[in-house]
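*Asks:* I have a structure I would like to understand better, so I am pasting it below and will then ask my questions one at a time.
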Amino acid sequence: MDLPRTEPVQVEAPPPQPAASAPPIVAPAPPSPTKPILQPESPALKRRQSQETPTALVSSIQTLPPKRAKSDQTPVKVLPSKYEFCAVDDMVVVISHMISELIETNDQLPLRSGVLTRFHSRTPPGISVLDYLRRLAKHATLTPPLLLSMVYYIDRLCLLYPAFTITTLTVHRFLITAATVAAKGLSDSFWNNATYARVGGIKIAELGLLELDFLYRLDWKIVPNPETLVDYYRGLVGRAPGYEIEDEGTTSCSDADDEEDDIESPEEVASSAPATENTDVQWKQWMDDVSMQQRKDGENMKFLPILAALCAPVFSASSDLIDRTTVYIQSVESTAAPAIPLAEIKYNPSTLSAELASFDFPELDPESKLLRVGVYDVTTSSWKSSTSTTSAESFAKGYSPTLVLSLDAQGGVIGVSLKSAKIDAGQTRDFGPKVKVLKTAKAPTPALNRAVVLSPEGKLEEPVAEKTMLQKYWWVLLAGVLLLMSGGGGE
């Protein structure tokens, strides 16, 4: 069946609408070298652009200089060239660093069985060396010279006492003992043992025993030379990280710069000339008045310089230690034992002042119990003075010997005696031997065959005490005070 043929239908196009007015075309501004041009973009376009590196940004990154790498070195602290001006905390740090190195080395050594000292603790204390030394320096008021002396004591004690070493078991007791000895032996002001024991965390009796054992091991020689302390200071600072000593040339250059700054220019001198002239006139007038007053006062006191000049030779001669003698000791049990020189004494018979020129603790035989003391003549092998006996315990640890010289009227030595007293470490710091001089004097003549007089009660009459000078002549002093109060004074 044939379908009917359809012809295409023509659709007319819509009439053309009037074109909308297009916005004016504006020429784009030249791009800013610092700010990029902002244009509205879709989110998808922004994501695509963020994945790509802009060419301008790449070029700017390439032109930026690289960042400077941070230095891993700690800043170095400069300490003064003289240890007296060093801060206490800095001194504590450098000393604790050195002690920590010693402990690290000595702790690796095996502990010998049966070799323990009084400085050993049962267990290591829970405080570090740095914190403990800071505590001592703060509460015991330790100065840099005292801290350096404690380092000097480490070498001295290790040299004279081989059983002692600085370890975690001995360092704390050593530090409190060395601080106590250094403060009491080298400083004019120091605390008592109760304070040092409380600061160090030990008992007073234990600190006293430590102090005596410490002094005995050091042979009572606790004063270091100043040059030795300088060497210790430079060595400690040199091995401590982060510290160095300032150059002495820097200080001299700064002083020279200060002197140059003090020089005034000619204009400043010219401007200050009138004021200086007025000041000089006033100063001259004032000095003339002062010199006139001194001249008036000196007319009434001319005899004082003459009297002082006449008495000066007398005083100087009396204050000198003009005589010298040597004291010897000898064992009483063995007559064949030689006489050993003990001490050399310088003294003045007129003022009875004396000092020890030398004193050597004797090395005695363990069997010796008694010793003979006196002045011995080596040429004739005989005693020149009367002798006395003393116990060998007088030279034992914990006792301070005292030599007593007995002089005759002419100043000659007629006898020597020795006595010892137990040292109280908490009350004094004078632990060394001492000397005392006594001079014989004419005693009053005893009254013999005196009649015994009894009181009415049948008792002996008590002797009447002689009146003093004040009791005898009090009325003279009273009259003088009244005259001074009643008398008038004039210019």
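The values are calculated or read from the model by the stated rules, or taken from the named source; none is laboratory data. Quantities reported herein were computed from a predicted structural model and do not represent experimental measurements. Reconstructed Cβ throughout: ideal geometry from the backbone, glycine too, with neighbour counts over all protein chains shown. Note: areas computed on protein heavy atoms with side chains; ligands, DNA, RNA excluded. Shrake-Rupley method; radii C 1.70, N 1.55, O 1.52, S 1.80 Å.
*Asks:* Please list the equivalent ellipsoid semi-axes of region 67-217, computed as the square roots of five times the alpha-carbon gyration tensor eigenvalues, in descending order and whole angstrom.
*Replies:* Details: eigenvalues 158, 89, 39 Å².
Each semi-axis is √(5λ); the values are 28, 21, 14 Å.
*Asks:* Give the accessible surface of region 370-491 per residue, rounded to a whole number of Å², with probe radius 1.4 Å and ligands, DNA and RNA excluded. If you can, show how the numbers build up before the last one.
*Replies:* On the way: 9190 Å² over 122 residues.
Here the per-residue accessible area is 75 Å².
*Asks:* Rounded to the nearest 10 Å², what accessible area does Val452 have for a 1.4 Å probe in the complete protein model?
*Replies:* Only protein atoms counted, so the area is about 110 Å².
*Asks:* Amide H of Lys439: which non-local residues (sequence gap of 5 or more, or other chain) have their own amide H closer than 5 Å, using H built in the peptide plane?
*Replies:* Sorted by chain and number, the residues that satisfy this are Leu407.
*Asks:* Oh, and also: Please arrange Ile245, Ile154 by accessible surface area, largest first, computed with a 1.4 Å probe and ligands excluded. Mind showing how you got there, number by number?
*Replies:* On the way: Ile245 35, Ile154 10 Å².
Result, largest first: Ile245, Ile154.
*Asks:* With N residues in region 165-238, what two-decimal value do you get for its Cα radius of gyration over 2.2 N^0.38 Å?
*Replies:* Details: Rg = 13.4 Å, N = 74, 2.2 N^0.38 = 11.3 Å.
For region 165-238, the normalised Cα radius of gyration is 1.19.
*Asks:* Would you rank Glu84, Glu101 by solvent-accessible area, highest first, keeping every protein chain in place and using a 1.4 Å probe? Walk me through the numbers before you get to the answer.
*Replies:* Details: Glu84 95, Glu101 60 Å².
Solvent-accessible surface, decreasing: Glu84, Glu101.
*Asks:* So what's the net charge close to Val452: Lys and Arg +1, Asp and Glu -1, counting the other residues with Cβ under 12 Å from its Cβ?
*Replies:* Charge balance in the 12 Å sphere: +1.
*Asks:* Taking all protein chains as present, what is the carbon and sulfur share of the accessible area of region 141-243, in % to the nearest whole number, probe 1.4 Å? All intermediate terms of the calculation are to be shown ahead of the outcome.
*Replies:* On the way: 2460 of 4290 Å².
Carbon and sulfur: 57 percent of the exposed surface of region 141-243.
*Asks:* Percentage of Cα-Cα pair distances in region 348-489 greater than 27 Å, rounded to whole percent? Intermediate results must be reported in sequence, preceding the final value.
*Replies:* Working: 5552 of 10011 pairs.
Tail of the P(r) past 27 Å holds 55 percent of the pairs.
*Asks:* How do the peptides 382-389, 116-123 rank, highest first, by the average count of neighbouring beta carbon atoms within 10 Å per residue?
*Replies:* On the way: 382-389: 15.2, 116-123: 13.6.
Ranked by mean Cβ neighbours within 10 Å, highest first: 382-389, 116-123.
*Asks:* Once you have the alpha carbon radius of gyration of region 327-427, what is it after dividing by 2.2 N^0.38 Å, with N set to its residue count?
*Replies:* Numbers: Rg = 14.1 Å, N = 101, 2.2 N^0.38 = 12.7 Å.
Output field value: 1.11.
*Asks:* What's the local net charge at Ser334, with K and R +1, D and E -1, over the other residues with C-beta under 10 Å away? Numbers along the way, then the final one.
*Replies:* Numbers: positive: none; negative: Glu333, Asp365, Glu367.
Local net charge: -3.
*Asks:* Calculate what fraction, in whole %, of the accessible area of region 402-483 sits on carbon and sulfur atoms when a 1.4 Å probe is rolled over the protein chains. Don't jump to the answer; show the numbers that get you there.
*Replies:* Values: 4040 of 6660 Å².
Ligands and nucleic acids excluded, carbon and sulfur reach 61 percent.
*Asks:* Any idea how far the Cα center of region 400-479 sits from the one of region 143-195, in Å?
*Replies:* Their Cα centres are 42 Å away from one another.
*Asks:* Separate question: How long is the gain from Ser388 to Lys422 if the chain were fully straight, where each residue apart is worth 0.36 nm and the alpha carbon distance is subtracted?
*Replies:* Details: separation 34, 0.36 × 34 = 12.24 nm, distance 2.02 nm.
Computed gain between Ser388 and Lys422 is 10.2 nm.
*Asks:* Rounded to the nearest whole Å², what accessible area per residue is found for region 106-160 with the 1.4 Å probe?
*Replies:* On the way: 3240 Å² over 55 residues.
Accessible surface, normalised per residue, equals 59 Å².
*Asks:* While we're looking at this one, here's another question. Please report, in whole Å, how far the alpha carbons of region 104-192 spread along each principal axis, starting with the longest.
*Replies:* 42, 29, 22
*Asks:* Here is a follow-up. Apply 1/(1 + (r/R0)^6) to the Cβ-Cβ distance of Val76 and Ser358, taking R0 = 56 Å, and write down the FRET efficiency to the nearest 0.05.
*Replies:* 0.70
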